[in-house]
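The values are calculated or read from the model by the stated rules, or taken from the named source; none is laboratory data. If you're wondering where the values come from, they're calculated on a predicted model, not measured in any experiment. Glycine also receives a Cβ, built like all others from the backbone with ideal geometry; neighbour counts cover every protein chain displayed.
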Amino acid sequence: MENFFLQLRSRTTDPFARIKNYLKFRVERLLLLGVRFHLLVIASVIGLVAVGGGLLVQATDAPFDDRETAIWWAFLRLTDPGYLGDDEGLARRVISTMVTVLGYVLFMGSLIAIMTQWLNQTIRNFERGLTPIVRRNHILILGWTNRTSEIVSELMRAEGRVRRFLQLRGARRGLHVVILSENVSLERTVELRRALGPLWNAKKITFRSGIPLRIEHLERVDFKNASVIILPGADFAYGSADESDMRIIKTLMSISNQGAKEGLPLLVTEIFDSDKVVMAKRAYRGILEILASDVFITRCMAQNVRHPGLSHVFHDILSHGLGNEVYIRTSEQFTGFRFGDLSGAYPKAILLGVVRPKGEDFCPLLNPPGDLILESEDRLVFLAEDYGDCEPLRNYQIERVSRKFQEVSYAREKGKRRVLILGWNHKAADLLKEFGRQINELFEVTVLSLVPAAQREAEIEQKGIDLRRVVVAHREGETTSLSNLRKMEPSEYDNVVILGSDWVETQEESDARTIVVHLVLRNVLEESVHKPEILVDLLDSDNVALFEDYDTEVLITPMIASHVLAQVALRRELNAVYEELFAAGGAEICFRRVSDYGIAGQNVSFRQLMEMSSGRGEIALGVRLQNGEVALNPAHDEPYRLSESDDLIVLIRED
């Protein structure tokens, strides 16, 4: 019986509950449709109140002439409380007061709340960067990684390069950088502003929210009308280096599917694994420049291991506005002349070689033979402080100079070099492979890392490293352990390379481990007479100051990649030049002892040093003094009194 009454009660009350819930649900769905429907609901309620108030006052002892007038009376009191004092009679005043109070709540309160909410939502949408842009010839950066802020900084500093780049495309406006970032917020803007410092200019930078894998997000940044697209890699943002490469290749395919080859802008990107470069080239149907960053950076590291001190030269060459850099200019006026007869035409720059077009690519010829005949489409490559310094002398009269090559025997480099590598990351196998490419040296390498030896050996085998030229011994252990480093006896090695960890979650954690490893290593070496050359792979430039008190060389690898990406975006021939300049077996920067030239203690100008180097088949780039100071492309007439401990920085050809 009890169950019967419960069921009966449920049946009698459920319909009313369902009707109430249904109405609430429909109102909810209506309100969730947006501000326009919010206003529609409030307008409907206001209309109902006005009609109800008008009908109610029409039923009093002092009715209006018609219902429409009564409803209008109620609407005026609902929207404007000033009419309240005009009413006469108790009933009309009571109704007028009720309608006026509802007007405060509905008409004023709700309307203000809705408009405030709409305005706040609109501002948030603007801050999130959801509004599509309409621009032409902007520089588009797809993705926020640990390279992005440095790329923007390099672009902001390179005013001359940017101006010439945009002029070639007929752009009327100056530099404008558009960044497509997955998360756009005030914090991100502040982060970029802090990184740029005095270079910050809000008028030249626009953030938009989105990911490059979605076409609607690409259209949000007007990618088809960009002058160039820069697609940087990431050490940590997308997980592993392999995941970053896959993401980049998929993005290239997404962009390619949206336009014909002739309609796609130049795209400059970064691939960590050089084996995936071929896939990336097939994925993009437009003009594509790829920086194989692991190979490029490990070439810099390998050269620095062989020639300690080169990190200062690399930093000078690859950073805009911090000294000398590589420039490229056309040379139509010298078509048909010999390369060797042009050195006197550029008194403020150093002529490095030629870049020759080869289909859609470029063939670099650095430190070429002096009798190389220049062709009409050749571009000359210079090392100079400013683009204007690469302008030839007016009315320069070419003098055909016949220089006799002088055979010189230099002090032999080490036949075998012992290297201790502390740590293991995605660059490690490429570094070992680069050691194997050095023709005149053998390397005996010991690796200490927590990464299992089997995994390291598998990566080495995959890279096809010649283990006859690079003998590798693996040790498993914590690199921050004082006892482990003592067992490794680092003083017995010629070089120690500390690699950043990529198995941690952020670059801050990676650099923290690197700094601790360096401090522990220095502690161990205090007890030793022999001090090996130390090279550190760092990820954040803010941490460089922590190494200033030590005789340690630092390569900020994301900064190197960022500078190259930015410079190649503005002058794509530079990719081929850097490829040749830092690769083993071709043109190479190294040091020559002053004693090899027999000029120690003499007053000689840099121009004389250039002539001496030219006679030996080399190109003098600058000098390195005993105190470690590096002077690239000094004033050619400036005299130097060099000691036997000083070095000449030269560009040679290994082949």
Q) Right, GLY197: surrounded by fewer than 20 Cβ atoms within 10 Å (Cβ to Cβ) and on the phi > 0 side of the Ramachandran plot or not? A) yes
(Q) Taking the conditions exactly as written (without any contact (Cβ under 8 Å) to a residue 60 or more places away in the chain and either of a type in the set (Asp, Glu) or buried (at least 19 other Cβ atoms within 10 Å of the Cβ) (or both)), does ALA292 satisfy them or not? (A) yes
Q) What tally of residues in the stretch 455-480 results from selecting those that are in a helix (DSSP H, G or I) and either in contact with a strand residue (DSSP E or B) (Cβ under 8 Å, 6 or more places away or on another chain) or surrounded by 15 or more Cβ atoms within 10 Å (Cβ to Cβ) (or both)? A) 5
Q: Quick one: which residue in VAL604, VAL623, VAL650 is in a strand (DSSP E or B), modelled with pLDDT of 85 or more and over 23 Å from PRO308 (Cα atoms)?
A: VAL604
Q. When the stretch 46-77 is examined, which residues are found to be loosely packed, with under 15 Cβ neighbours inside 10 Å, over 60 Å from the mean Cα position of the chain (by Cα) and either under 14 Å from VAL99 (Cα atoms) or in contact (Cβ under 8 Å) with a residue 40 or more places away in the chain (or both)?
A. LEU55, TRP72
**Q.** Options ILE589, ILE652: the member that is out of contact with any Leu (no Cβ under 9 Å at 6 or more places or on another chain) and either assigned by TED's automatic domain parsing to the domain that holds PRO364 or of a type in the set (Val, Ile, Thr) (or both)
**A.** ILE652
**Q.** Members of the stretch 325-337 that are buried (at least 17 other Cβ atoms within 10 Å of the Cβ) and farther than 29 Å from VAL630 by Cβ
**A.** PHE334
Q.
Checking GLY628 against (1) in contact (Cβ under 8 Å) with a residue 60 or more places away in the chain; (2) in a helix (DSSP H, G or I); (3) not charged (D, E, K, R): exactly one of these is not met. Which one?
A. (2)
Q.
Suppose we filter VAL162, VAL178 for residues that are of a type in the set (Val, Ile, Thr), in contact with a helix residue (DSSP H, G or I) (Cβ under 7 Å, 6 or more places away or on another chain), crowded, with 21+ Cβ neighbours inside 10 Å and in the same structural domain as ASN225 (by TED's automatic domain parsing); which single one remains?
A. VAL162
Q. So which of THR206, THR148 ends up being in contact (Cβ under 8 Å) with a residue 24 or more places away in the chain, more than 30 Å from GLY500 (Cα to Cα) and β-branched (Val, Ile, Thr)?
A. THR206
Q: List every residue pair whose Cβ atoms lie under 7 Å apart, where the two residues are 6 or more positions apart in sequence or sit on different chains, the first residue falls within the stretch 610-622 and is under 13 Å from GLY344 (Cα atoms), and the second residue, located anywhere, is of a type in the set (A, V, I, L, M, F, W, C) and part of a strand (DSSP E or B).
A: MET610/ALA620
(Q) Restricting to the stretch 631-647, count the residues that are outside any strand (DSSP E or B) and farther than 21 Å from ASP389 by Cα. (A) 5
Q) How many of the residues making up the stretch 92-107 are of a type in the set (A, V, I, L, M, F, W, C), at pLDDT below 75 and surrounded by 13 or more Cβ atoms within 10 Å (Cβ to Cβ)? A) 2
Q | Inter-residue pairs, beta-carbon under 7 Å, first outside the structural domain of ASP502 (by TED's automatic domain parsing) and in the stretch 445-456, second not in a loop (DSSP other than H, G, I, E, B) and not hydroxyl-bearing (Ser, Thr, Tyr), 6+ apart | A | none
Q: Output the qualifying pairs, or none if there are none: Cβ atoms under 8 angstrom, residues six or more apart or on different chains, first residue in the stretch 502-520 and under 13 Å from ASP542 (Cα atoms) and of a type outside the set (Val, Ile, Thr), second residue in a helix (DSSP H, G or I) and modelled with pLDDT under 95.
A: GLN507/PRO558; ASP511/ASN543
Q.
Looking only at strands (runs of 3 or more DSSP E) that lie completely in the stretch 481-591, which have at least 1 residues being closer than 24 Å to SER149 by Cα?
A. 533-538, 553-556
Q: Only residues in the stretch 541-553 that are assigned by TED's automatic domain parsing to the domain that holds VAL496 count as the first member; pair them with residues that are basic (Lys, Arg), Cβ under 9 angstrom, at least 6 apart or cross-chain, and list the lot.
A: TYR550/ARG522; ASP551/LYS531; THR552/ARG522
Q) Any residue in the stretch 589-599 that is under 27 Å from the mean Cα position of the chain (by Cα) and surrounded by 15 or more Cβ atoms within 10 Å (Cβ to Cβ)? A) yes
Q.
When you scan the stretch 535-558, do you find a residue that is surrounded by fewer than 23 Cβ atoms within 10 Å (Cβ to Cβ), of a type outside the set (Ser, Thr, Tyr) and in contact with a Cys (Cβ under 7 Å, 6 or more places away or on another chain), even just one?
A. yes
Q | Verdict on LEU431 being surrounded by 14 or more Cβ atoms within 10 Å (Cβ to Cβ), at pLDDT 85 or above and within 30 Å of GLY477 (Cβ to Cβ) | A | yes
Q) Does PRO368 satisfy the condition of being within 28 Å of LEU267 (Cβ to Cβ) and in contact with a helix residue (DSSP H, G or I) (Cβ under 8 Å, 6 or more places away or on another chain)? A) no
